[in-house]
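The block underneath contains the structure these notes are about, expressed in structure tokens.
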Amino acid sequence: MNEDVLLQQAQAGNYRSFNQLVKIHQSRVYSVALRLLGTVSEAEDVLQETFIALYKNLHHFRGGSKLSTYLFRMATNFSLMKLRRSKRRGHDSTHLSLSAVEELPDTAVTPLESLLNSEFRALLDQHLQKLPDKDRAVIVLRDIEGLDGAQVAKILGLSLPAMKSKLHRSREFLRKNLSVYLKEN
Amino acid sequence: MSKIMNKNIDHHCKRMTSAFSDYLDNRLKKQLCQRLEVHLAECPDCKMYFDTLKMTVTLYRSLEQEPLPEGAEKRLFATIKLARSKNRT
């Protein structure tokens, strides 16, 4: 069923339609949160916070922006807030990221693809976690989730030139650090 | 490859690195595109730099979404159900 119809039905109080919207978007919301936070449990918290926020604000949502953009914005904001809070408490989330990645089940098809995929994913996540929070968010939203530059700038409250500068810098950082993997494979 | 990857790109080429990123996103004006393509054909260091940048971005763009942890969907719907019941009272 068309997403706009589901949204209208959910706004009219249809729980099934709301649940359907959750099913459509939950994986992408979770993926964004996991790549920003690096830990499975925190990403799941953000997943829940994001859909509760959608539920509470459902009647204010006018569909001017796409639902996926709204959900990305909420997930990104909740993730960045969590990162700020954990930094204030003096936690370093970097060391948690690798174990979180290792917990993930592998979904690739062949054993070789599976190995390359999981190895590359682990390496990418390791280096993503080394980027400053907003730089990481730019890469996750722009390059991994495929949002356009203007959407990413809006979600993160950045000017377009500032977003681009973070994008270039972060891509260069990842290029440098993932080159070893590219060379070996 | 590693020799070039680890090598410092000289100042002239370094100024081009942000243009490579725009080029990958099809955000460069036609005239600049042509200039950059000419430069890439002439400068092996920049060509290597651009190829590895392109490969990196292509690889992480092709990553699949992360699967939800076991039971996460069930927990999510339970949380939403709780929010609904709170909303009703």
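The values are calculated or read from the model by the stated rules, or taken from the named source; none is laboratory data. Everything numeric here is computed off the predicted structure, so don't read it as measured data. Neighbour counts run over all protein chains shown; Cβ positions are idealised from the backbone, glycine included. For the accessible areas, the whole protein counts, side chains as well, though only heavy atoms, and no ligand, DNA or RNA atoms are used. Shrake-Rupley method; radii C 1.70, N 1.55, O 1.52, S 1.80 Å.
Structure above, values below:
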| read-out | value |
| --- | --- |
| Cα pair distances in the range A:1-71, grouped into 10 Å bins until the bin that holds the longest one, percent each | 20, 53, 23, 4 |
| Residue-normalised accessible area of the range B:2-88, expressed per residue, 1.4 Å probe, Å² | 66 |
| Exceeding the 30 Å Cα-Cα cut-off - candidates A:Lys87/A:Lys154; A:Lys66/A:Lys176; A:Lys87/A:Lys164 | A:Lys66/A:Lys176 |
| Residue list for the range A:147-181, given a label point 7 angstrom along the Cα-to-Cβ vector of A:Met81 and an amide N cut-off under 17 Å | A:155-157 |
| Sulfur and carbon atoms: percent of accessible area, the range B:2-88 [1.4 Å] | 51 |
| Residues losing 30 Å² or more accessible surface upon assembly, the range A:28-51, compared with the chain by itself, 1.4 Å | A:Tyr30, A:Ser31, A:Arg35, A:Glu44, A:Leu47, A:Gln48 |
| Sites matching trypsin sites (Lys or Arg not before Pro) across the range A:10-72 that sit in DSSP coil, with at most 11 neighbouring C-beta atoms within 10 Å | A:Arg62 |
| Residues losing 10 Å² or more accessible surface upon assembly, the range B:50-64, compared with the chain by itself, 1.4 Å | B:Thr52, B:Leu53, B:Met55, B:Thr56, B:Val57, B:Leu59, B:Tyr60, B:Arg61, B:Leu63, B:Glu64 |
| Accessible surface buried upon A-B contact (total; probe 1.4 Å; Å², nearest 100) | 4000 |
